[in-house]
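The values are calculated or read from the model by the stated rules, or taken from the named source; none is laboratory data. Predicted model only: the values in this text are computed from it and were never measured. Backbone-built Cβ (ideal geometry, glycine too); neighbour counts: all protein chains shown. These accessible areas exclude ligands, DNA and RNA; they are computed on the full protein's heavy atoms, side chains included. Shrake-Rupley method; radii C 1.70, N 1.55, O 1.52, S 1.80 Å.
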Amino acid sequence: MTTFVNGEADVLLSTTIIESGLDIPNANTIIIDRADRFGLSELYQLRGRVGRYKHQAYAYLLLPRHARLLTDVRKRINAMKQYSTPGSGFKIAMRDLEIRGAGNLLGAEQSGHITAVGFDLYCQLLKQSVSALKGEKVRPRIDVRVELDFLETHGAGRSSTTAGGQPAPQKTQALHFSGIPHNYIPEPHHRIEMYRKLAQASEKTLLDTLQKELRDRFGPLPVPVELLLTVAELKILAAEKNVTSIEVLEDKLRLIRSGDFIMVGGRFPRLTKKEPKARLKEIKRLLLAL
């Protein structure tokens, strides 16, 4: 290391040990092999080892051919290109939270204590605890599992089994995104704020208030946000009907209440519509009929 810092060697071959605390002003180029194996925070720290002086710096991230097809890898690389200005650490951290996930609304994996309960449940438990300390009436939390094979959400569609424990068949139809697009709410911390409020919406009035706030602050709702709010409404309605699971698989609607599937005429209810909005309305009508 001393040899490299003193300029006696032009190339330093190293592990990721260099990501923390090293300041080498004369280093202006870094080549990161198999960048797909690194997390976003690691890539950000490694990139920060160069460009620490007045010279133009370059960071080359090498990927195998197949890695470009992986969704999370593509998101990490795009984030590295998007947040390249000084002081981007907070934005990188928020983007990393979105990619890796913090529960069943934002994703399936997250380090730290939130991973034990998920972002959605964590927000609800936190709100319940605060209400209890204030002596307010504590509303029961919403605990409804939603798996819809026609919608793609952060964390949704990752399960390899169905509610009945059977392997989930390979999806062949196009998935529609349900979430908050980056071009609708560009700032990561604002998106996280909206997801948090959505997680804490335990009744329809709170959901309506959030919908109005989204329109006032960010403009007309794009389709993915409308779908996200509709799914949240279904969860609230299902909780009121004591339904603990909503699953759609190949047009079959599987609702679970008290540990048993809800059948209509001895069969699973069938969805007849093709568009996601219409399919969600069908599910809502079936829940209201319970």
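Quick notes
Here's the yes/no breakdown for (1) in contact with a Leu (Cβ under 9 Å, 6 or more places away or on another chain); (2) touching a residue at least 12 places away in the same chain (Cβ under 8 Å):
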position: 226; (1), (2): no, yes
position: 236; (1), (2): yes, yes
position: 240; (1), (2): yes, no
position: 243; (1), (2): yes, yes
position: 251; (1), (2): yes, yes
position: 268; (1), (2): yes, yes
position: 274; (1), (2): no, no
position: 278; (1), (2): yes, no
position: 287; (1), (2): yes, yes
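- Residues in the range 200-212 that are in contact (Cβ under 8 Å) with a residue 12 or more places away in the chain and either part of a helix (DSSP H, G or I) or surrounded by fewer than 18 Cβ atoms within 10 Å (Cβ to Cβ) (or both): 200, 203, 204, 207, 210, 211.
- Qualifying residues in the range 269-290 (those that are part of a loop (DSSP other than H, G, I, E, B) and among the hydrophobic types (A, V, I, L, M, F, W, C)) - the one surrounded by the fewest Cβ atoms within 10 Å (Cβ to Cβ): 289
- Considering residues of the range 14-47 that are without any contact (Cβ under 8 Å) to a residue 24 or more places away in the chain and not hydrophobic (A, V, I, L, M, F, W, C) only, the residue least open to solvent (accessible area, probe 1.4 Å): 14
- Taken together, the residues in the range 123-154 that are out of contact with any helix residue (DSSP H, G or I) (no Cβ under 9 Å at 6 or more places or on another chain) and either loosely packed, with under 14 Cβ neighbours inside 10 Å or at pLDDT below 80 (or both) amount to 10.
- Residue 81 satisfies every condition listed in (1) surrounded by fewer than 12 Cβ atoms within 10 Å (Cβ to Cβ); (2) of a type in the set (D, E, K, R); (3) in a loop (DSSP other than H, G, I, E, B) except (3).
- Restricting the range 232-260 to residues that are in contact with a strand residue (DSSP E or B) (Cβ under 7 Å, 6 or more places away or on another chain) and part of a helix (DSSP H, G or I), the residue that is most open to solvent (accessible area, probe 1.4 Å): 235
- Take the conditions (1) open to solvent by less than 40 Å² (accessible area, probe 1.4 Å); (2) without any contact (Cβ under 8 Å) to a residue 24 or more places away in the chain; (3) basic (Lys, Arg); residue 197 misses just one of them, which is (1).
- Applying the criterion of being assigned to a helix (DSSP H, G or I), at pLDDT 75 or above and over 21 Å from residue 18 (Cβ atoms) to the residues of the range 50-78, the residue that is most open to solvent (accessible area, probe 1.4 Å) is 65.
- Annotation note: of 11, 5, the sole residue that is hydrophobic (A, V, I, L, M, F, W, C), open to solvent by 50 Å² or more (accessible area, probe 1.4 Å) and modelled with pLDDT of 90 or more is 11.
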